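**Q** First the structure, which I've put down as structure tokens, then a few questions once you've had a look.
The values are calculated or read from the model by the stated rules, or taken from the named source; none is laboratory data. These figures come from a predicted structure and were not determined experimentally. No Cβ is skipped: glycine too gets one built from the backbone with ideal geometry, and neighbour counts run over all protein chains shown.
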Amino acid sequence: MLKYALKRILLLIPTVLGITLFIYFIMSLVPGDPAAMLAPQEATAEEIEALRVSMGLDKPMLIQYLRYIWNVLQGDLGVSWFTKKSVAAELVNRLPYTLTLGVMSTLIASIISIPLGTLTAVKHNTLADYVVTFLCLFFSAMPNFWLAILLQINFSLNTGWLPAFGMGTPAHYVMPVIAVCASSIASNTRSTRTWVLDVIRSDYVRTARAKGANEVTVVMKHALRNALLPIITGLGSSFAGVLGGSVVIETVFAIPGVSTYLTTAVGVRDMPIITGCIMVISIFVGIVNLLIDLLYSVIDPRVKYE
């Protein structure tokens, strides 16, 4: 397993380099000149050109990228072109909010969706199955920003029970976590139902029942455990999606996380921030995927790593 983990970590390096190089290439095609945007309105063409040279924008895109990677290898993610603040320091301050939101929403989604999906599989084609399936379809189709606004209106504006925006106390996380994990609970409940229902019809499950095993043992030991691999994969994908795709929720609730930091930088073509955020998100997603793969052998001893 250690050899496999080291191999995956080494493969993460070219993956991150490829993603960041692609981002550099795409941003170089975007119209506009960051130097002209940074320069004062009364700046002359010579002053703008001098600013472009000081920012390294006079060099080819590949040279700019190689310089950036060389600085990263020395532990420097650069300085924002517009705010003049260290990108690494900003990410250190913002990552805890995004990670906390992702971890809490994933944990709650797994605690709710796995038992609920298993129950609907066991109670297949009953009223409980129909009701849960309808609710899953409803919340899957509901945009998370709309749910977030509804939560703000009902639990902050009308009742004052929860703070509407910002971070600082556990109460600030309640509505953002609900808005993030609602669709995740719905999709993971449906996938759990599908996989458990597929396993529960298998021959070895029928054999376990024929041997006199009680229903709880059949479901928990034989059905759910053998269906956990794809379920865990789905939960891991949900967590990775929160890290890179919670921009709407962070914007609605004014959360100073990585996603809002990234989208603000994209609007002004602040390359040090954009590349730094993409690199950090890519590394975290790669680590999450590696941990999921390593978890497979814990769930199913038959899984071997070569």
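**Q** Kindly list, by first and then second residue, each pair from a residue in the range 1-13 that is more than 25 Å from LEU73 (Cβ to Cβ) to a residue that is of a type in the set (Gly, Ala, Ser), limited to pairs with Cβ atoms under 9 Å and residues at least 6 apart or on different chains.
**A** Every condition considered, the pairs that remain are MET1/SER297.
**Q** Search the range 38-50 for residues being assigned to a helix (DSSP H, G or I) and surrounded by 13 or more Cβ atoms within 10 Å (Cβ to Cβ), and hand back the single one that is nearest to the chain's Cα centre (by Cα).
**A** Taking the candidates together, the pick is LEU38.
**Q** Going by the structure shown, is VAL216 surrounded by fewer than 20 Cβ atoms within 10 Å (Cβ to Cβ), over 21 Å from the mean Cα position of the chain (by Cα) and in a helix (DSSP H, G or I)?
**A** For VAL216, the condition - surrounded by fewer than 20 Cβ atoms within 10 Å (Cβ to Cβ), over 21 Å from the mean Cα position of the chain (by Cα) and in a helix (DSSP H, G or I) - is met.
**Q** Look at ASN144 and say whether it is closer than 30 Å to LEU228 by Cα, among the polar types (S, T, N, Q) and more than 26 Å from the chain's Cα centre (by Cα).
**A** So ASN144 does not fit the description; no.
**Q** For the range 66-76, how many residues meet the condition of being over 16 Å from LEU21 (Cβ atoms) and exposed (fewer than 14 other Cβ atoms within 10 Å of the Cβ)? Spell out how you get there, then give the answer.
**A** If we filter the range 66-76 for residues that are over 16 Å from LEU21 (Cβ atoms), which is where we start, we get 74-76.
Narrowing the set further to residues that are exposed (fewer than 14 other Cβ atoms within 10 Å of the Cβ) leaves 74-75.
Qualifying residue count for the region: 2.
**Q** Same structure, new question: So, ILE255, is that one touching a helix residue (DSSP H, G or I) at 6+ places or on another chain (Cβ under 6 Å) and outside any helix (DSSP H, G or I) or not?
**A** Yes.
Residue-by-condition table, conditions (1) under 24 Å from ASN144 (Cβ atoms); (2) in contact (Cβ under 8 Å) with a residue 12 or more places away in the chain; (3) among the β-branched types (Val, Ile, Thr):
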{"position": "LEU197", "(1), (2), (3)": "no, yes, no"}
{"position": "VAL216", "(1), (2), (3)": "no, no, yes"}
{"position": "ARG225", "(1), (2), (3)": "no, yes, no"}
{"position": "GLY234", "(1), (2), (3)": "yes, yes, no"}
{"position": "ALA240", "(1), (2), (3)": "yes, yes, no"}
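**Q** While we're on this one: Give me the residue from the range 78-108 that is buried (at least 21 other Cβ atoms within 10 Å of the Cβ) and hydrophobic (A, V, I, L, M, F, W, C) and, out of that set, farthest from VAL285 (Cα to Cα).
**A** VAL87
**Q** Evaluate the range 1-22: report whether one residue or more is in a helix (DSSP H, G or I), touching a Phe, Trp or Tyr at 6+ places or on another chain (Cβ under 6 Å), of a type outside the set (A, V, I, L, M) and within 20 Å of VAL266 (Cβ to Cβ).
**A** no
**Q** State yes or no: is TYR173 within 30 Å of ILE26 (Cα to Cα) and touching a residue at least 24 places away in the same chain (Cβ under 8 Å)?
**A** No; evaluated as a whole, the condition is false for this residue.
**Q** Quick check on the range 71-127: of everything there that is farther than 30 Å from GLU215 by Cβ and charged (D, E, K, R), which residue is farthest from the chain's Cα centre (by Cα)?
**A** First pass over the range 71-127, keeping only residues farther than 30 Å from GLU215 by Cβ: 71-105.
Imposing the further condition that a residue be charged (D, E, K, R) reduces the set to 76, 84-85, 90, 94.
Working: ASP76: 24, LYS84: 27, LYS85: 25, GLU90: 19, ARG94: 14 Å.
Result: LYS84.
**Q** Sort out which residues of the range 115-128 are surrounded by fewer than 21 Cβ atoms within 10 Å (Cβ to Cβ) and touching a residue at least 12 places away in the same chain (Cβ under 8 Å), and write them in order of number.
**A** Correct list: LEU119, VAL122, HIS124.
**Q** Under the condition of being loosely packed, with under 13 Cβ neighbours inside 10 Å and part of a helix (DSSP H, G or I), which residue from the range 51-65 is modelled with the lowest pLDDT? Spell out how you get there, then give the answer.
**A** Of the range 51-65, the ones loosely packed, with under 13 Cβ neighbours inside 10 Å are 53-54, 56, 60, 62-63.
From what's left, part of a helix (DSSP H, G or I): 53-54, 62-63.
Values: VAL53: 79, SER54: 76, LEU62: 83, ILE63: 84.
That would be SER54.
**Q** Can you tell me which residue among GLU250, GLU306 is in contact with a helix residue (DSSP H, G or I) (Cβ under 8 Å, 6 or more places away or on another chain) and at pLDDT below 75?
**A** GLU306
**Q** Take the range 270-283 and flag every residue that is farther than 13 Å from GLY78 by Cβ and either buried (at least 19 other Cβ atoms within 10 Å of the Cβ) or without any contact (Cβ under 8 Å) to a residue 12 or more places away in the chain (or both).
**A** Of everything in the range 270-283, those that are farther than 13 Å from GLY78 by Cβ and either buried (at least 19 other Cβ atoms within 10 Å of the Cβ) or without any contact (Cβ under 8 Å) to a residue 12 or more places away in the chain (or both) turn out to be ILE281, SER282.
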